[in-house]
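Single-structure report; data block below.
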Amino acid sequence: MIERPEILAWLRETDPGHLSRLYRRADAVRRATVGEAVHLRGLVELSNHCVRRCAYCGISVENASIARYRMTADEVLECARTAVGLGYGTLVLQAGEDYGLTRDWVAELVRQIKATTPLAVTLSLGERPDGDLAAWREAGADRYLLRFETSDPALFAAIHPPLPGRPSDRLAILRRLRELGYEVGSGVLVGIPGQTWESLADDLLRFRELDLDMIGVGPFIPHPETPLGRGLFPRAPEGEQVPADEETTTKAVALTRLVRPDANIPSTTALATIGPSFGRERGLMRGANVVMPNLTPPAYRKLYEIYPGKAIVSETAEECRSCLSGRIAIIGRVPGKGPGGRARGARTEPPARPSPATG
Ligand code: 5AD
């Protein structure tokens, strides 16, 4: 089992020859645990309203320069039908933390998707209260994504001003999601100003401790309309500051595969954004096994600008699908079939022995 000193050594490694050993090892573990399938999760960005003021995020309530939208249930259901038509197994409903998406509205939407399609439903709707999370699970939602972004409490607090009277405790919410029976996803940003190698190593160890089912790791991309994008936060001392580049992000993806061998790990859109020619493929070749093609209607998609220059901002769902299929085939992999939930060590367990009672 990989431990902290080795994780830290790999994070600080710069020699390409040595790094290729890390990447080959992560790729071999990926093949042995989750196989060659690349699962496609159709992403619907259903609202860009948000009550939070996360210092990196372009749809923070502080950004007065963007038009806000909220999709209708019919529009989302249309996306769900498109997802089925394109052969996706999962629909991911993501939004800012938007209380205009009420508990009952989301629950009814989930019920309708589950009643009319075979899709697994993943929610990514922020730090919602317990009652909301429970109601949505009850309505049939299968998975929930909430990145903890960084495990450094001081850095987390600096970039996530809390709502009045509601301290943020994302780790507590992740544990609660597990109790409710969700498959649980989280993840971090790579290269936040002030993030050190030590703290990124702690993030990776936290993935193991939380036994996460899904883990998203993407580079921090500065957004000019945010405090972090305007350079208002101090960087860590030279040599300690984690860079927000493609190499560092794929190192973190590879190490994520080693700490959580059977997790579902996306090659994120943020990685594709900073490495437009081959970034997404490199993620898939260095430990990732999931991609999240965008199903948001293009008119809304360009308003869901959590960071600038987001990859695939204008293609239709169909164009996005065919481009990704080509990219998956080129690297010798196959599109996943079915919902593609956590395999829970399926391929590494020995075959079940017949019980003595039945011979
Ligand atoms: N750069 C990169 N990723 C970002 N996210 C939000 N803002 C940015 C940014 N500027 C990520 C966060 C969030 C996810 C939905 O998008 O990690 O959890």
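The values are calculated or read from the model by the stated rules, or taken from the named source; none is laboratory data. Small disclaimer: the values here were computed from a predicted structure and weren't measured. Positions of Cβ are generated from backbone atoms using ideal geometry, with glycine treated the same way; all protein chains shown enter the neighbour counts. The protein model used for the area step is the full one, side chains on, heavy atoms only, and it has no ligands, DNA or RNA in it. Shrake-Rupley method; radii C 1.70, N 1.55, O 1.52, S 1.80 Å.
Amide H contacts of VAL92 (H built 1.01 Å from N, in plane; Pro and chain starts excluded): GLY42, LEU43, VAL44, THR122 sit under 5 Å, all sequence-distant by 5 or more or on other chains. Normalised per residue, the accessible area of the range 56-184 is 41 Å², obtained with a 1.4 Å probe and no contribution from ligands, DNA or RNA. A Förster distance of 45 Å, applied to the separation of the beta-carbon atoms of MET1 and ARG230, puts the FRET efficiency at 0.65. Counting only Cβ charges, +1 for Lys and Arg and -1 for Asp and Glu, the dipole size of the range 228-349 around its Cα centre is about 360 debye. Simple rule: put +1 on each Lys or Arg Cβ and -1 on each Asp or Glu Cβ in the chain, find the dipole, and look at LEU212, ALA201, PRO224; the Cα lying farthest toward the positive end is LEU212. The order of the peptides 235-248, 160-173 by mean Cβ neighbours within 10 Å, most packed first, is 235-248, 160-173.
With a Förster radius of 30 Å applied to the C-beta separation of SER322 and ARG21, the computed FRET efficiency comes to 0.30.
Here is the short version for the chain: CYS50, CYS79, CYS320, CYS323 have no other Cys C-beta closer than 4.7 Å.
Report the one residue of PHE233, ASN289, THR249 whose Cα lies farthest in the direction of the positive end of the charge dipole of the chain (charges on C-beta: Lys and Arg +1, Asp and Glu -1; origin at the Cα centre). About the Cα centre, the residue reaching furthest to the positive side is ASN289. Separation of the range 200-240 and the range 36-56, taken as the distance between their Cα centroids, equals 17 angstrom. Note on the chain: antiparallel DSSP beta bridges, both residues inside, total approximately 10 percent of the bridges counted. Coupling constants for the range 279-287 follow from the phi torsions by the Karplus curve (6.51 cos²θ - 1.76 cosθ + 1.60, θ = phi - 60°), and in residue order they are x, 5, 4, 4, x, 5, 8, 10, x Hz; glycine and proline get x. Relative contact order for the range 34-335 using alpha-carbon pairs under 8 Å, separation at least 6, rounded to a whole percent? In percent, rounded to a whole number, it is 22.
Rounded to the nearest 500 deg cm²/dmol, what is the calculated helix-only ellipticity per residue at 222 nm for the chain, with -39500 (n - 2.57) per DSSP H run of length n ≥ 4?
Numbers: 13 runs with 139 residues, N = 359.
That comes out to -11500 deg cm²/dmol.
A simple spin-label model places the labels of LEU163 and ILE331 3.7 nm from each other, with each point 7 Å out along Cα-to-Cβ.
Could you tell me what percent of the accessible area of the range 36-179 is made up of carbon and sulfur, with a 1.4 Å probe and every protein chain present? All intermediate terms of the calculation are to be shown ahead of the outcome.
Working: 3040 of 5570 Å².
C and S atoms contribute 55 percent here.
Here the peptides 184-192, 31-39, 258-266 are ranked by packing, the mean other Cβ count within 10 Å, and the order with the highest first is 184-192, 258-266, 31-39. The charge dipole of the chain, taken about the Cα centre with unit charges on the Cβ atoms of Lys, Arg (+1) and Asp, Glu (-1), comes to about 780 debye, rounded to the nearest 20. Sorted largest first by accessible area at a 1.4 angstrom probe radius, with every protein chain in place, the residues LEU180, LEU93 fall in the order LEU180, LEU93.
Using θ = phi - 60° in the Karplus curve 6.51 cos²θ - 1.76 cosθ + 1.60, the 3J(HN,Hα) couplings for the range 197-209 round to 4, 4, 6, 5, 4, 5, 4, 5, 5, 5, 4, 5, 4 Hz; x is entered for Gly and Pro.
Placing unit charges on the Cβ atoms of the charged side chains and taking the dipole of the range 1-157 about its Cα centre, the candidate lying farthest along the positive direction among GLN94, ALA107, LEU119 is LEU119.
Taken along the Cα-to-beta-carbon direction at a fixed 7 Å, the label points for ALA32 and ALA73 span 4.8 nm. Counting protein heavy atoms only, the range 189-251 has 53 percent of its accessible area on carbon and sulfur, 1.4 angstrom probe. Taking a ≥ b ≥ c as the square roots of the eigenvalues of the Cα gyration tensor, an a/c ratio below 1.5 marks the chain as rounded.
Please identify, among GLU179, GLU318, GLU138, the residue showing maximal mean-square fluctuation in a Gaussian network model of the chain using a 10 angstrom Cα cutoff. Evaluated over the chain, the most mobile residue of the options is GLU179.
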